[in-house]
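**Q** Sharing a structure here in structure tokens format.
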Amino acid sequence: MTVKRSVVRGVGGYLPQRVVTNQEISGLVETSDKWIVQRTGIRERHVAAKGETTSDLGIAAARAALKNANLEADAVDLIVLATSTPDQTFPATAVTIQAELGITRGAAFDVQAVCSGFVYAIATADKYLRDGDFRCALVIGAETFSRILDWTDRSTCVLFGDGAGAVVLEAIEQPGTREDRGVLTTKLRSDGRYRSKLYVDGGPSSTQTVGHLRMEGREVFRYAISMVTDVIDAAFSATGYGPNDIDWFVPHQANKRIIDGSAHKLGIAPQKVVTTVDRHANTSAASIPLALAEAVEDGRIRPGHLVLIEAMGGGFTWASALIRW
Ligand code: ACO
């Protein structure tokens, strides 16, 4: 019996032009290229220009993904945008992207799960596509974290960057086997008891300000690897696949030590890990689709490959998905 799956038709990314090196940041706060590289693997990040918004980044990534999919924007009837840095408190930044792409049907909304947002957005779109509510979805992660950083706080400002990535998913009937193309499983988790370990100290209802990112970095680090591996084990259990079956591991790009530690704990070979954190830093919900776009463009990820994505972030939230390309 055939089953409907959300199959990846295309992927695209966009990075703002301006590159900020560790050297440049060491002119703002007391830090060094050596410290940042040793602790995080980050060498540089992209930062949005004055006036360049999250929707601008998301639109550029969406256009790149549609081009890669060989589809026109009017094929899309669902937009799910993962972001923690919306253009405005409301409306959802997704509807700005919808309007700029000239799409007047279907639905567009934002999903907020911080760095896990893209995996949450994939899971959300996948459910709607498989249920038959919509046929073709743009799933976007877009962020301008530079706007919510405290540029005097060296413990956070060195870690983040701006960018956007997008994936086009289409509902397509598949044979209903393990070899099916498309999203095979998604696993989402959160535990709000940890919400004060990584948060923004402002918001419309509390302070009426935008606020700045605050983080207990060591605490986040302490939980990251076990949470990530927990949710990946759940994806393996649900599908019967294991570490050796994975062609590409595309983790959220927060810190090279977390990425390497997770791959090592899971038994995933280092050459299967896609890493962009050195050049992009942590772009929150944008980091996974940006890494996917890079690995598709340079020919690493190809149709038929089994791709594992995962993320962990504020909330805490954490999530994984297994996708056959
Ligand atoms: N440059 C130089 N020194 C610094 C800097 C900096 N940029 N930042 C902190 N330090 C100092 C601290 O002040 C401290 O000094 P002290 O010993 O004199 O007090 C020392 O370095 C050690 O600080 P720690 O915070 O213990 O350093 P740690 O080794 O834990 O590294 C880091 C910090 C990189 C933030 C690490 O904890 C980490 O990566 N945590 C995970 C953070 C993360 O990935 N967050 C995002 C995930 S969720 C999401 O994506 C939103």
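The values are calculated or read from the model by the stated rules, or taken from the named source; none is laboratory data. Because the structure is predicted, anything quoted here is derived from the model rather than measured. Here the Cβ positions follow ideal geometry from the backbone for every residue, glycine too, while neighbour counts run over all protein chains shown. Note: areas computed on protein heavy atoms with side chains; ligands, DNA, RNA excluded. Shrake-Rupley method; radii C 1.70, N 1.55, O 1.52, S 1.80 Å.
**Q** Within region 111-130, find all residues whose amide N lies under 20 Å from a label point positioned 7 Å from the Cα of GLU173 along Cα-to-beta-carbon.
**A** 127-130
**Q** A further question follows. For region 3-174, list log₁₀ I(q)/I(0) at each q in 0.15 Å⁻¹, using the Debye formula over Cα point scatterers of equal strength and ignoring solvent, two decimals each.
**A** -0.80
**Q** Of all DSSP beta bridges located in region 3-174, what percent are antiparallel, nearest 5?
**A** The antiparallel proportion sits near 70 percent.
**Q** I want the antiparallel fraction of DSSP beta bridges within region 182-324, as a percent rounded to 5.
**A** 80 percent
**Q** How much length, in nm to one decimal, is gained on full extension between SER237 and ASP260, taken as 0.36 nm per residue of separation minus their Cα-Cα distance?
**A** 6.1 nm
**Q** Using +1 on the beta carbon of Lys and Arg, -1 on that of Asp and Glu, and nothing else charged, what's the dipole of region 182-324 about the Cα centre, debye to 20?
**A** So the dipole magnitude of region 182-324 works out to roughly 240 debye.
**Q** Spin-label point model (7 Å from Cα, Cβ direction): what's the ASP247 to ARG39 distance in nm?
**A** 3.8 nm
**Q** So what's the gap between the Cα centers of region 1-56 and region 79-108, to the nearest angstrom?
**A** 21 Å
**Q** Across the chain, what fraction of all alpha-carbon pairs, as a whole percent, falls in each successive 10 Å bin from zero upward?
**A** P(r) over the chain, rounded to whole percents: 6, 29, 37, 22, 5, 0, 0.
**Q** Heavy-atom accessible area per residue, the chain, 1.4 Å probe: how many Å²?
**A** Values: 13740 Å² over 325 residues.
I get 42 Å² per residue for this part.
**Q** Something else about it: Can you order the peptides 72-85, 166-179 by their average number of other Cβ atoms within 10 Å per residue, highest first?
**A** So the order, starting with the most tightly packed, is 72-85, 166-179.
**Q** Which of the three applies to region 109-220, rounded, prolate or oblate, going by the alpha-carbon gyration tensor with a ≥ b ≥ c and a/c under 1.5 meaning rounded?
**A** Prolate is the answer for region 109-220, as a/c is 1.5 or above and a/b outweighs b/c.
**Q** Label ASP191 and ASP230 with points 7 Å out from Cα along Cα→Cβ: what is the distance between them in nm?
**A** About 0.4 nm, to one decimal.
**Q** Based on the Kirkwood radius over alpha-carbon pairs, what is the Stokes-Einstein translational diffusion coefficient of region 184-239 at 20 °C with 1.002 mPa s viscosity, in µm²/s?
**A** Answer, rounded: 159 µm²/s.
**Q** Run through every distinct alpha carbon pair of region 182-324 and return the Kirkwood hydrodynamic radius in angstroms, one decimal place.
**A** Every distinct Cα pair counted, the radius reaches 15.8 Å.
**Q** Ignoring everything but the protein chains, give the 1.4 Å probe accessible area of ILE103 in square angstrom, nearest 10.
**A** ILE103 exposes around 10 Å² with every protein chain in place.
**Q** Which entries of LYS187/LYS256; LYS34/LYS265; LYS67/LYS256; LYS4/LYS67; LYS34/LYS272 have Cα-Cα distances beyond 29 Å here?
**A** Working: LYS187/LYS256 23 Å; LYS34/LYS265 26 Å; LYS67/LYS256 31 Å; LYS4/LYS67 24 Å; LYS34/LYS272 26 Å.
Distance filter (> 29 Å) returns LYS67/LYS256.
**Q** On to the next question. Under 17 Å from the 7 Å Cα→Cβ point of ARG214, by amide nitrogen: which residues of region 134-169?
**A** Zone members listed by number: 148-157.
**Q** Now for a separate question. Any idea which of SER262, VAL95, VAL183 is furthest toward the positive side of the dipole for the chain, if Lys and Arg beta-carbons carry +1 and Asp and Glu beta-carbons -1?
**A** Result: SER262, furthest along the dipole toward the positive end.
**Q** Could you calculate the contour length gain from THR89 to LYS50, that is, 0.36 nm times the residue separation minus the distance between their Cα atoms, to one decimal place in nm?
**A** Here the answer is 12.1 nm.
**Q** Expressed as a whole percentage, what fraction of the accessible surface of region 3-174 belongs to carbon and sulfur atoms when a 1.4 Å probe is rolled over the protein heavy atoms?
**A** Of the solvent-accessible surface of region 3-174, carbon and sulfur hold 47 percent.
**Q** For the pair GLU100 and LYS4, what calculated FRET efficiency results from E = 1/(1 + (r/R0)^6), where r is the Cβ-Cβ distance and R0 = 25 Å, to the nearest 0.05?
**A** The calculated FRET efficiency here is 0.30.
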